[in-house]
Amino acid sequence: MATGTEVVSDHGHGCCKKGPGYASPLEAMSGPRESLIYVTCVYAGTGIEKPDYLATVDVDPNSPNYSKVIHRLPMPNLGDELHHSGWNSCSSCHGDPSAARRYLILPSLISGRIYAIDTLKDPRAPSLHKVVEPADIVNKTGLAYPHTSHCLASGDVMVSCLGDKDGKAEGNGFLLLDSEFNVKGRWEKPGHSPTFGYDFWYQPRHNIMISSSWGAPAAFTKGFNPQHVSDGLYGRHLHVYSWPNGELKQTLDLGSTGLLPLEIRFLHNPSKDTGFVGCALTSNMVRFFKTHDESWSHELAISVKPLKVQNWILPEMPGLITDFLLSLDDRFLYFVNWLHGDVRQYNIEDPKNPVLKGQVWVGGLIQKGSPVVAEGEDGKTWQYDVPEIQGHRLRGGPQMIQLSLDGKRLYVTNSLFSTWDRQFYPEVVEKGSHMLQIDVDTEKGGLAINPNYFVDFASEPDGPSLAHEMRYPGGDCTSDIWI
């Protein structure tokens, strides 16, 4: 595919005269308002013997079906654990008129299958196009536990895989699929695999890709055990690769402040050489950046203090930053604290000095009515007020988020991973997920729950399901990369 540097603007109409997506992040902000959102929904690990499915949700406020699931595409197998999703083609292919954003890629974290879903024939009712079987992936690459999927300007699809078929982290690496979703092999050069796998983001103008570290599948699939951190089964490193040739150039040890670095994002402006990673267990946002000698370094950007609590498994509760994203204009950073229960908005116009601008509580373990209470320095106990939405008490904590192109609406689901859901929020497994929408003030900053939007996955036809990653048919700020 073309490099995308010789693009022609489509004046923000979202219907590209060249390839898919938009010529720039700022142009994407003037794209059409979202009317549909695809959500991965999970039965694996819940006790319900039904296949996971892709839900299509109507998010058009003028539609009679607003805030409702209008279609469900069940996968052909049980036990997949659909998790994250990506596209076959995105704004990285904007310069190639032969490319089309058509197939949504659904890696299955547990079974190892990868599904390609056709969203073009009928965007409101996607259909299954192809299944990449785990045996094929393992036989050709040794990789298993696929997680993050990104499209490449070459037309290939790259998927991070978190281990080998036995759940050992040593076997992790990056899978390449061609444009027909055939297994090509590993992306990284032999001997250049990371210590642990999870997420990744590339910034081609700096010839760099950086990946993050969750843990060994043999550990995290059994639930979270703090001893496994001490045993070295979870990560604290970022891996810096040359792009696109897959040489591991540098490993950044985030130390005790950077345990379990999960989601990673560069700033959207492709000329920028800085980004952020959310370190879940220590609940820190870490900024990484290129130094004057062309190496990469990192610093603590935002820290969420643990809360002293009563009636919980530990005396202190971390926020657990499990997802974050950046607005397309690189002005705002949003993240969730899955255990504390709040969603935050920071102004990052100066990336070195983030400023808190908005915060809203949409669940968590210390909301009023929970047995867990927080304890202040004065010894007094307290809990957060969490509003009901349309008569529903909010379950679990905020986990995955997705932002509208214009930056004014933030969508939130509350399932992390079925085993961890059952451990920390058993009510979510029993009663299902829900999906919220938060209105964003992009001028002064601020967050407010939209009381008119509530998708309740408790009442799904096959029983309560767990809702995770969200994608718009036209791409978004966590799928599209500009080159």
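With unit charges on the beta carbon (Lys/Arg positive, Asp/Glu negative), name the residue among HIS239, ASN207, ASN269 whose Cα is farthest towards the positive pole of the charge dipole of region 155-293.
Result: ASN269.
Give, rounded to the nearest 20 debye, the magnitude of the charge dipole that region 228-287 has about its Cα centre when Lys and Arg contribute +1 at Cβ and Asp and Glu contribute -1 at Cβ.
Details: 5 positive and 5 negative charges, 38 e Å.
Computed charge dipole of region 228-287: roughly 180 debye.
How far apart, in nanometres, would the label points at ASP166 and ASN182 be if each is projected 7 angstrom from Cα along the Cα-to-Cβ direction?
3.1 nm
Dipole size in debye (nearest 20) for the chain around its Cα centre, Lys and Arg Cβ +1, Asp and Glu Cβ -1? List each step's numbers first, then the result.
Details: 42 positive and 56 negative charges, 21 e Å.
In debye, rounded to 20, the chain gives about 100.
Would you mind checking region 214-246 for residues with the amide N under 19 Å from a putative spin-label position 7 Å along Cα→C-beta of ASP253?
Counting backbone N atoms under 19 Å from the label point, the list is 214-216, 229-241.
Give the cross-link partners of LYS408 among the lysines, using a straight C-alpha distance below 22 Å as the criterion and excluding same-chain residues fewer than 8 apart.
In chain and number order, the partners are LYS68, LYS357, LYS444.
Mind ordering 21-33, 277-289 by average Cβ neighbours within 10 Å, highest first? The partial results should precede the final answer.
Working: 21-33: 20.6, 277-289: 23.5.
The peptides rank, most packed first, as 277-289, 21-33.
Taking LYS140 as the anchor, which lysines have their alpha carbon closer than 26 Å to its alpha carbon, excluding any fewer than eight residues away along the same chain?
Answer for LYS140, where 26 Å is the Cα cut-off: LYS130, LYS165, LYS168, LYS184, LYS189, LYS249, listed by chain and number.
How many percent of the accessible area of region 152-266 is carbon or sulfur, using a 1.4 Å probe?
Values: 1940 of 4020 Å².
Looking at region 152-266 in its full context, I get 48 percent from C and S.
Which lysines have a Cα lying under 19 Å from the Cα of LYS368, excluding residues fewer than 8 positions away in the same chain?
By straight Cα distance, LYS368 reaches LYS308, LYS380, LYS431.
If you take the charge dipole of the chain about its Cα centre, with +1 on Lys and Arg Cβ and -1 on Asp and Glu Cβ, which of LEU36, LEU333, SER295 is farthest toward its positive end?
LEU36
Evaluate E = 1/(1 + (r/R0)^6) for TRP382 and LYS352, where r is the Cβ-Cβ distance and R0 equals 30 Å; express this FRET efficiency to the nearest 0.05. Can you show the working numbers first?
Values: r = 33 Å, r/R0 = 1.09.
Efficiency computed from Cβ-Cβ geometry: 0.35.
What are the ³J(HN,Hα) values, in whole Hz, obtained from phi via the Karplus relation 6.51 cos²θ - 1.76 cosθ + 1.60 with θ = phi - 60°, for each residue of region 135-143 in sequence order, with x given for Gly and Pro?
Taking θ as phi minus 60°, the curve returns 4, 5, 5, 5, 4, 8, 9, x, 8 Hz for region 135-143.
Tell me what the chain gives for mean residue ellipticity at 222 nm when only DSSP H runs of n ≥ 4 count, each as -39,500 (n - 2.57), the sum divided by the residue total, rounded to 500 deg cm²/dmol.
Working: 6 runs with 35 residues, N = 483.
Taken over the chain, the calculation gives -1500 deg cm²/dmol.
Once you order the gyration tensor axes a ≥ b ≥ c over the Cα atoms, which shape class does region 22-71 get: rounded for a/c under 1.5, otherwise prolate or oblate by comparing a/b with b/c? Intermediate values should be presented prior to the final figure.
Working: a/c = 4.86, a/b = 1.82, b/c = 2.68.
Since a/c reaches 1.5 but b/c is at least a/b, the shape of region 22-71 is classed as oblate.
Dipole size in debye (nearest 20) for region 170-218 around its Cα centre, Lys and Arg Cβ +1, Asp and Glu Cβ -1? List each step's numbers first, then the result.
On the way: 4 positive and 5 negative charges, 33 e Å.
Rounded to the nearest 20 debye, it is 160 debye.
Put +1 on the Cβ of each Lys and Arg and -1 on the Cβ of each Asp and Glu in the chain; which of ALA216, TYR115, HIS129 then has its Cα farthest toward the positive end of the dipole?
Result: HIS129, furthest along the dipole toward the positive end.
Where does each of 381-392, 134-145 land if you order them by average Cβ count within 10 Å, highest first?
Values: 381-392: 13.2, 134-145: 18.9.
By packing density, highest mean first, the sequence is 134-145, 381-392.
Sort ARG186, ARG422 by heavy-atom solvent-accessible area, probe 1.4 angstrom, most to least. Could the numbers behind the result be given before it?
Working: ARG186 85, ARG422 115 Å².
So, going from the largest accessible area down, we get ARG422, ARG186.
Let me make sure I get this right: for the chain, a, b and c are the square roots of the gyration tensor eigenvalues over alpha carbons, sorted descending. Under 1.5 in a/c it's rounded, otherwise prolate if a/b > b/c, else oblate. Which is it?
Working: a/c = 1.24, a/b = 1.16, b/c = 1.07.
Verdict is rounded for the chain.
The values are calculated or read from the model by the stated rules, or taken from the named source; none is laboratory data. For clarity, every value in this text was computed on a predicted model and none was experimentally measured. Every residue, glycine as well, gets a Cβ built from its backbone with ideal geometry; the counts of neighbours run over all protein chains shown. The area values use the complete protein model at the heavy-atom level, side chains included, leaving out ligands, DNA and RNA. Shrake-Rupley method; radii C 1.70, N 1.55, O 1.52, S 1.80 Å.
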